[in-house]
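Laboratory data are not the source of any read-out in this text; all were calculated from the coordinates shown. Nothing here was measured: the structure is a model prediction, and the numbers come from that model. Positions of Cβ are backbone-derived with ideal geometry, glycine not excepted, and every protein chain shown enters the neighbour counts.
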Amino acid sequence: MDAEAAKTARESLDLAFHMSNVLDTGLDRHTLSVLIALCDLGLNPEALAAVVKELRRETMSTPPQPAAAPPPTRPSSLN
């Protein structure tokens, strides 16, 4: 990608991110970038929106999982 194309892509993402914030979508810049890339590849934007909504619903209904405990370590005298 040449410098001008990269600049245009960055400006487009900045504009989309600003619109996303105005609409209070809760999408971060990286997620928005991935969604735009998927749309550019031909995925249906309405289907992607449905997936995002479903993932948020699942996240809200799933209780937080405790972090996994680190594996036990052997005393240094046994190494």
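Conditions tested, residue by residue: (1) touching a Lys or Arg at 6+ places or on another chain (Cβ under 9 Å); (2) acidic (Asp, Glu).
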position: Arg10; (1), (2): no, no
position: Gly26; (1), (2): yes, no
position: Arg29; (1), (2): no, no
position: Leu43; (1), (2): no, no
position: Glu46; (1), (2): no, yes
position: Met60; (1), (2): no, no
position: Arg74; (1), (2): no, no
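Would you mention how many residues in the range 9-67 are of a type outside the set (A, V, I, L, M) and in a helix (DSSP H, G or I)?
The number of residues fulfilling the criteria is 23.
Working only within the range 25-62, note down all residues that are among the charged types (D, E, K, R) and over 18 Å from Ser12 (Cα atoms). Quick ask: steps written out before the conclusion?
Pass one, the range 25-62, residues among the charged types (D, E, K, R): 28-29, 40, 46, 53-54, 56-58.
The answer is Glu46, Lys53, Glu54, Arg56, Arg57, Glu58.
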